[in-house]
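Since the structure comes first, as structure tokens, the remarks are kept for the end.
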Amino acid sequence: MNKIVLLGAPGAGKGTISELLIKNQKLVHISVGDILRQNIKDNTDLGKLANKYMLAGNLLPDDIIIKLVEHRLSCKDCKNNFLLDGYPRTIKQAEALDKFNKPTYVFNLKVDINVVIERLTGRRICNKCNSIFHVKNLKNEICPSCDCKLNKRDDDKYEVVKNRIDVYFKETAPLIDYYKNNKQLIEINALGNPNDVYSQIEKFLK
Ligand code: ADP
């Protein structure tokens, strides 16, 4: 049973490490950020609401996000194997998850906060295949796999990034102690390249 939670500041590499995990392990990937961005694209009611919060770098209300994740987690495919990327982000969400389907591994991706700012403001995404890149590794702003133009996420602008980091320290960082107290926390040094980070995680999985 691999029921995984990935914790980490914005830009710690949750999305990139998730890509490697789902490529190599049998896991159902649940990224709240991706679900919300898809809703924004589809212009749903949830998307309209999410856009307001995300553009400011704030978290959406707990009750909405808890319902959204529980709905997905209640599907048969994620009973024993899931990868939660970007959930929980508050103590209330963590308590709800413990009641609903307790994770077996909680990995905290540890990075220096200055690295995070550099990573986020230089991040580019492909809207077609959802791959994530950094400008410093690209010759131009075209997706190497899909050949289409890469985009900057609206919430990767400097002011929004600053607020996302403040929100992280206020709302999400307390989860480190929460999971430490539950004896579930596994600290991962996330400063290296994605493959190094992935192999630190892989060692723990069944
Ligand atoms: P990052 O981890 O880099 O901030 P995500 O794609 O995980 O990127 O999240 C983007 C935005 O989506 C957040 O800033 C927030 O507005 C919203 N969001 C994602 N996960 C949650 C959550 N668990 N609770 C509330 N809001 C969330």
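Here, each number is a calculation from the coordinates, and none is a lab measurement. Keep in mind it's a predicted model, so treat the numbers as computed, not measured. Counting neighbours? That spans all protein chains shown, and the Cβs are built from the backbone with ideal geometry, glycine included.
Quick notes on this one:
- Those residues of region 116-126 which are more than 13 Å from the ligand (Cβ to nearest atom) and over 15 Å from Thr16 (Cα atoms), in sequence order: Glu118
- Taken over region 105-116, the criterion of being buried (at least 17 other Cβ atoms within 10 Å of the Cβ) and part of a helix (DSSP H, G or I) is satisfied by Val116 alone.
- The lone criterion from (1) more than 8 Å from the ligand (Cβ to nearest atom); (2) among the charged types (D, E, K, R); (3) within 29 Å of Gly192 (Cβ to Cβ) left unmet by Lys52 is number (3).
- Residue match in region 2-21 (condition: farther than 28 Å from Glu118 by Cα, more than 8 Å from the ligand (Cβ to nearest atom) and either part of a strand (DSSP E or B) or not polar (S, T, N, Q) (or both)): yes
- Scope region 132-151; condition under 18 Å from Lys14 (Cβ atoms) and either among the basic types (Lys, Arg) or surrounded by 17 or more Cβ atoms within 10 Å (Cβ to Cβ) (or both); matching residues: Ile132, Phe133
- When residues of region 168-206 are limited to those that are aliphatic (A, V, I, L, M) and surrounded by fewer than 18 Cβ atoms within 10 Å (Cβ to Cβ), the one nearest to Arg119 (Cα to Cα): Leu191
- Taking the numbered list (1) within 14 Å of the ligand (Cβ to nearest atom); (2) under 21 Å from Met54 (Cβ atoms); (3) in contact (Cβ under 8 Å) with a residue 12 or more places away in the chain; (4) not aliphatic (A, V, I, L, M) in turn, Asn108 passes all entries but (2).
- Qualifying residues in region 130-172 (those that are in a loop (DSSP other than H, G, I, E, B) and of a type in the set (Lys, Arg)) - the one farthest from the ligand (Cβ to nearest atom): Lys139
- Qualifying helices (runs of 4 or more DSSP H) (wholly inside region 26-104; at least 2 residues being over 14 Å from the mean Cα position of the chain (by Cα) and among the small types (Gly, Ala, Ser)): 45-56, 91-101
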